[in-house]
1. Return the calculated 222 nm mean residue ellipticity for the chain, to the nearest 500 deg cm²/dmol, obtained by summing -39500 (n - 2.57) across DSSP H runs with n ≥ 4 and dividing by the residue count.
2. Sort the stretch 432-478 into rounded, prolate or oblate with this rule: let a ≥ b ≥ c be the square roots of the eigenvalues of the Cα gyration tensor; rounded if a/c is under 1.5, and if a/c is not under 1.5, prolate when a/b is larger than b/c, oblate otherwise.
3. Quick one: Lys197, Lys538, Lys427, fewest Cβ neighbours within 10 Å first, how do they rank?
4. Take the alpha carbon atoms of the stretch 342-360, find their center, do the same for the stretch 105-134, and report the distance between the two centers in whole angstrom.
5. When Leu285, Leu274 are ordered from fewest to most other Cβ atoms inside 10 Å of their Cβ, what list results?
6. Taking the Cα centre as origin and putting +1 on Lys and Arg beta-carbons and -1 on Asp and Glu beta-carbons, what dipole magnitude results for the chain, to the nearest 20 debye?
7. Taking 30 Å as the cut-off for C-alpha to C-alpha distance, list the pairs among Lys154/Lys538; Lys299/Lys445; Lys82/Lys526; Lys192/Lys460; Lys154/Lys192; Lys192/Lys299 that go past it.
8. May I ask you to list the lysines whose Cα is less than 22 Å away from that of Lys580, ignoring any residue fewer than eight positions away on the same chain?
Amino acid sequence: MNQTVKQANNPEPTRLVGTSWDDQGNDVAQSVLTGKSMKVRALCLTSPDAVLPIVFVPGIMGTRLKVKGRDKGAAWFPPEGKWDAVILLLRSLVRTAADRQRLLNPDKTEVDDEGPAYPDDACKSLLAIAPGKTDAERARWRGWGQLHGDSYEKILAFLEKSMATIFDPISQGQTLTPHWQELVMNRQDATKLGAQKPFVPLQEQQLRDAAELLYPVHAVGYNWLQSNKVSAERLAAEIERITAYYRSKGKACEQVILITHSMGGLVARACAQLPGMDQRILGVLHGVMPALGAPATYKRIRAGFEGAAQVILGRNGADCTAVMANAAGPLELLPTDQYRTWTNRGERHWLRVSYVGMGQRGVQEEMESFLGEGDPYANIYLNNTADWWKLVREDLIDPAGREDRAKAMREGKLAPSSVPDKGDFDKYVDNMLIAMELHQTILNKYHATTYAYYAADPEKPSWNEVLWKSTRSTPSKPESAVLELDDLNGTVELSFAHKYRVSFSIQDGTGPGDGTVPAESGAAPKTHSIQIFKHEGKSKMHDSYEHQFSYNAAISQAVSLYSIISMVTNSPSVKSLMEKT
């Protein structure tokens, strides 16, 4: 918040008093009188006239969703703590694929903003400028209640407090806070931060210049079942609403900084393509963004999620197909036609099969073939042939519709000869075409002021490719074999010449990454960014982090603050704004 201090430097203990605004945007603070024996002083901070909101955009499943028209009816309330997780686990155990399809319907869900928002004491004081009667109301007005608290509350609070106190208020702005000194200024080394472009260290004067602005932290969730183009329009509307509020209080506020996580980066990139929005966004920091998609999306549609999460998110291919084939948002995480896997021999297609066959020397050896090489949309995603390795099985797309039609026929409300207007695969194709359009909309499109970070950690392997493998010999190449059985958890049984059967299974991910997004996709913004940071784990003395909680890592927080200050102090529009105020 970096406000001007209203008390002289004093070594005695000091508490921060929340400063609110009246209707004209004037600072108002209230405290209590204490006796002389009370040595804790009250510190009141005043607000700058220039405001630059920071807007955080979460990843897929990071936004709470409710059912439209049902008061607080949960469609997706991710668990906040172990007890919530146990309850959700038990509820999910009895949900069929049809149940999941009905519940997670993109047309019947919307963002829920009533999630838990419990800012700590420091944030309560800083959030006091927001409208609302309680701390929770003020945090929710900032959008914090839209997001999964366990995943994002820490980074929201971190940004709020860090940008509010770049300099120690007790020193009247003379001394950097220990937090900034240790996390940012002492880490300014390209190798330590993983900088992949020429690194320009920050100077203390840049921090002083940046400290002249107010940086309220907002969160904007979105319905991640819908296309990211739809979510981009919601983000644009929220940017206008947020900046308009601060202008209504007499503040200068025209632009925002976007901080994105995972799929939120696709939303921000699509938003920046909307008319005039590139000028409303000062800059963007993308964290662990699947810029070219992620092969894990294919794996999950075919085989379900991994570990304990599969019970909640989808136990198998039937669960996941019923939801993801009917929702454009998740399909937009599929690898684009630009995606390639890195190998020692160069780049290659990401979907392949490994088997034992007769080699050129007349002996059996391990061999491999590519599956659907070329155009992934035509050959894999929109493939409705008998190819066993295609993305979607038509019989798994609409279990809810089949149940509803069967019930209607039993009740005499539907004639047995009735045929739906569209086939199940045609309905899926509509969603896949929307996903393809999003891929084309953001192809090589980034905001002019883009920073990014990603992980290429060998200890956090990701699916940088999907490999179907068998250790048994086959009489011919398996790509043309016939599917006999599919357990929907990543193992299929194929027949050769209708008599020789061999099982193939999807292998675990082995590519360096963050456990979800492979390095190949995370690195894609490099040529379009001012700076991009590559985090390679313990082998390079970098923090090792999981995809979902990447912003909790000190190295990610350090590059976040570095990127924000760089955006602000190198911006001509900010310089012009400061001259006016």
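The numbers here are math on the coordinates, done by the rules we state, and not lab data. What you see is a predicted model, and the numbers here were worked out from it, not measured in a lab. Positions of Cβ are generated from backbone atoms using ideal geometry, with glycine treated the same way; all protein chains shown enter the neighbour counts.
1. Result for the chain, helices only: -9000 deg cm²/dmol.
2. Numbers: a/c = 4.83, a/b = 1.68, b/c = 2.88.
The shape class here is oblate.
3. Lys538, Lys197, Lys427
4. Using only Cα atoms, the two centres lie 49 Å from each other.
5. Neighbour counts put them in this order, fewest first: Leu274, Leu285.
6. Values: 66 positive and 69 negative charges, 95 e Å.
Computed charge dipole of the chain: roughly 460 debye.
7. Values: Lys154/Lys538 23 Å; Lys299/Lys445 27 Å; Lys82/Lys526 38 Å; Lys192/Lys460 19 Å; Lys154/Lys192 23 Å; Lys192/Lys299 34 Å.
Over 30 Å Cα-Cα: Lys82/Lys526; Lys192/Lys299.
8. Lys249, Lys251
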